[in-house]
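The values are calculated or read from the model by the stated rules, or taken from the named source; none is laboratory data. The structure displayed is predicted, hence computed values, not measured ones. Here the Cβ is made from the backbone with ideal geometry for all residues, glycine too, and neighbour counts use every protein chain on show.
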Amino acid sequence: MTALALKPLSRTDLFQEDFAANAAELPGAGLAWLDKRRAKALDAFAATGVPNRRVEAWKYTDLAAALESPLEPATRFQGAIHEAGAFAGIAGTRLTLVSGFLHAVDGPAQDIDIVDLGAIGAKTPDWVKDHLGLLAAGPEQPLGAASLALMRGGLALRVRASNAALHLNFVNPARRHDFVSHSRILIVVEEGASLRLLESHGGEGTGQSLTNLGVELNLKPGARLEHVRLQSESETALHVTSIAAALERNAGYRALYAGLGAKLSRLDVVVQLNGPGAEANLRNVSAPNAGISDVTTVMDHASPHTTSRQLFKSVVGGRGRSVNQGRVLVREGAVKSDSHQLFKALLLSPRAEADAKPELEIFADDVICGHGTAIGALDADALFYLRSRGIPEAESKGLLIRAFLEDAIEDFVDTAIHDALWRRLDAALTAMGQELK
Amino acid sequence: MTEWMLEIDNLHVAVDGKEILKGITLSIPTGEVHAVMGPNGSGKSTLSYTLAGREGYEITRGRILYQGEDLTKLAPEERATRGVFLALQYPVEIPGVATLTFLKTALNAQRRARRETELDAMRVLKLIREKAKALNIGEEMLKRPLNAGFSGGEKKRLEILQMAIFEPKLAILDETDSGLDIDALKLVAEGVNALRAPTRAMLVITHYQRLLTHIVPNRVHVLTKGRIVKSGGSDLALELEASGYENVEAA
């Protein structure tokens, strides 16, 4: 990723000013290891600042332009939260974070170590020190870097057993001021352990907010992480999540992301396949109607015998825009890398837009790298077929749209998660003006 | 007095501004099966799509009456609800919609539009199973996504199953024989014959005579270059098989 030298925008300075004024008050300030990593991250962020469209990786998603007003750093929320998130009712310990701060832990958490990053100090365990801030903090993920430099809250989690199940329930209650929250999630799944992580982001209010979340996923040899993430916020919300996953030998990362609402949402994913047998399988469904839903990924095949799969599906209505950028990097010596990515978008209105940009960089022989992109309207043959069987037009369209998205969901998750996702998806599609059955 | 199911009068149809049907006149009495035979490009599929109401098939002249009423103003789903059924030459694959879900949705959409009570899942399943058995369609096939990965024979059998479930008054079969081997053809023809009824009419569109040895029509019409050039009894199909379409045109 190249960053152009830019004349700083005033809004770009926002984060630097915050750091200059408040560095000493940030959690863990004074811990030498963390101070150093924060400073380094701030430098990484400064290379681009808040990216605008002149930064190549952000050319479809101008975050600087979307930031209309100065935002105050969020503070810890005092009060009761009743929102249980999109996955309420499904087994697992629920960790509720309010504006990025750990708010509540519901349920037992055996074999899982939990550290509140909003309150770290001298007693921080070694496993946190050994990992925090080493991923999702470089110049290729500038907002991820800012989320570390300005980290106010978040969680570090370590999983030592099989079949652990956690919910991350992110809530943004309405606030009096426009605000930005910088938070981090660090997850370490130890050798042979496995975790199912259900992450949901909900929000209310009409003020402007920027959620800036950095997520570090460390998968030790043979570790498994199944990640289902649903982001569904208000039409004024800005949301950037930078995920970086490092997979060691035979580790597996399976993720289904759903992006259902925000003025702008950007999911920036970097997966490092660092050991033989490492495998990443990513799915995405998004349904922007008024805003931008951007999923940008880098699959970094750094070891031989690694596999990556990506299937991204967007239904775009109104004046919505979907952005899918996927870079596949096969490094020298990473023979027998096997990669496939497919981006599909369905445009439901004349002003809907989809931008898809696959990118392959291959520096090894004997690899398989496939990619495909398809952007179009609903299939006229299929629509006629359903209508000719007596199914009304709106209902027929609904069936086809549902089928289009289901293709990325049905075979990937169990029924409970499937149904929870569809409750939100149906609502989003109905808002798009489609009758669904 | 003859009761007409379908009356097509001087029908002209254009697709993308190009006239394909150039004045078709053809009527089917209730209870009869008529065949339209013609070579490739004669306008057979245009006729079937026009009857089913597909967008892009513009009627520039003429009229279509279905049970004495103008059919042309109705949307495809309204025609289906009133009893018009088109078995497609190429049934569309829709991955992501289970066949059974599709059948249930369509049946109940039709019933709803006719102000009949919708059938619950159990009754729909029972109905579908009964009809499916005769067509050698198993549970496994019904669970698969609609037409996705189906063989040619499976697709055509599913079209006939739909016909059996929806019980249309006018069934149009567009080259239902194409892509079928002899066994599949027999099975499909048996399915169609089982649905022949005094209250129903059928229009069987085909290129070849062979389907018509299994589904014997009351009348045969020859369509070439957008016009009906000859009509006759079921023997006409055999004549055509022997002499080819060229000679009919010359006559």
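Among the residues of region A:190-210 satisfying the criterion of being within 17 Å of the chain's Cα centre (by Cα) and more than 29 Å from A:D414 (Cα to Cα), which is surrounded by the fewest Cβ atoms within 10 Å (Cβ to Cβ)? The residue in question is A:L210. Checked across region A:317-335, the condition of being part of a loop (DSSP other than H, G, I, E, B), at pLDDT 95 or above and among the basic types (K, R) holds for at least one residue.
Being surrounded by 16 or more Cβ atoms within 10 Å (Cβ to Cβ), closer than 26 Å to A:V413 by Cβ and of a type outside the set (S, T, N, Q) is the filter here, so list the residues in region A:72-99 that pass it.
Those that are surrounded by 16 or more Cβ atoms within 10 Å (Cβ to Cβ), closer than 26 Å to A:V413 by Cβ and of a type outside the set (S, T, N, Q): A:E83, A:A84, A:G85, A:A86, A:F87, A:I90, A:G92, A:R94, A:L95, A:L97.
Exactly one residue out of A:K357, A:K397 is outside any helix (DSSP H, G or I) and either out of contact with any Phe, Trp or Tyr (no Cβ under 9 Å at 6 or more places or on another chain) or touching a residue at least 12 places away in the same chain (Cβ under 8 Å) (or both): that is A:K357.
Taken over region A:281-309, the criterion of being among the hydrophobic types (A, V, I, L, M, F, W, C) and in contact (Cβ under 8 Å) with a residue 40 or more places away in the chain is satisfied by A:V285, A:A287, A:A290, A:I292, A:V298, A:M299.
Among the residues of region B:54-73, the one identified as within 9 Å of another protein chain (Cβ to nearest Cβ) and buried (at least 17 other Cβ atoms within 10 Å of the Cβ) is B:R54. Among the residues making up region B:74-90, those that are under 18 Å from A:K397 (Cα atoms) and surrounded by fewer than 20 Cβ atoms within 10 Å (Cβ to Cβ) are B:A75, B:E78.
Is it true that A:T61 is within 22 Å of the chain's Cα centre (by Cα) and among the hydroxyl-bearing types (S, T, Y)?
Numbers: within 22 Å of the chain's Cα centre (by Cα): yes; among the hydroxyl-bearing types (S, T, Y): yes.
When the stated conditions are applied, A:T61 passes them.
Would you mind finding the one in A:S183, A:S209 that is among the hydroxyl-bearing types (S, T, Y) and more than 18 Å from A:R94 (Cβ to Cβ)? So that I can check it myself, show each step before the final result.
On the way: A:S183 fails: more than 18 Å from A:R94 (Cβ to Cβ).
Just a single option satisfies the conditions, and that option is A:S209.
Output the number of residues of region A:379-421 satisfying the condition of being surrounded by fewer than 18 Cβ atoms within 10 Å (Cβ to Cβ), within 10 Å of another protein chain (Cβ to nearest Cβ), of a type in the set (G, A, S) and under 29 Å from the mean Cα position of the chain (by Cα). Adding up the residues that qualify gives 0. Against the list (1) touching a Gly at 6+ places or on another chain (Cβ under 6 Å); (2) assigned by TED's automatic domain parsing to the domain that holds A:Y60; (3) at pLDDT below 95, the condition A:N289 fails is (2).
Report yes if some residue within region A:234-250 is in a strand (DSSP E or B), surrounded by fewer than 22 Cβ atoms within 10 Å (Cβ to Cβ) and within 12 Å of the chain's Cα centre (by Cα); otherwise report no. No, region A:234-250 has no match at all.
Of the candidates A:R351, A:R424, A:R327, the single residue that is surrounded by fewer than 22 Cβ atoms within 10 Å (Cβ to Cβ), outside the structural domain of A:L264 (by TED's automatic domain parsing), more than 21 Å from the chain's Cα centre (by Cα) and not β-branched (V, I, T) is A:R351. Scanning region B:195-215 for residues that are modelled with pLDDT of 95 or more and more than 14 Å from the chain's Cα centre (by Cα) returns B:A197, B:P198, B:T199. Within region A:166-189, the residues that satisfy the criterion of being at pLDDT below 95 and surrounded by fewer than 24 Cβ atoms within 10 Å (Cβ to Cβ) are A:V171, A:P173, A:A174, A:R175, A:R176, A:H177, A:D178, A:F179. Restricting A:S99, A:S69 to residues that are in the same structural domain as A:A237 (by TED's automatic domain parsing), under 30 Å from A:R196 (Cβ atoms) and among the polar types (S, T, N, Q) narrows the list to A:S99.
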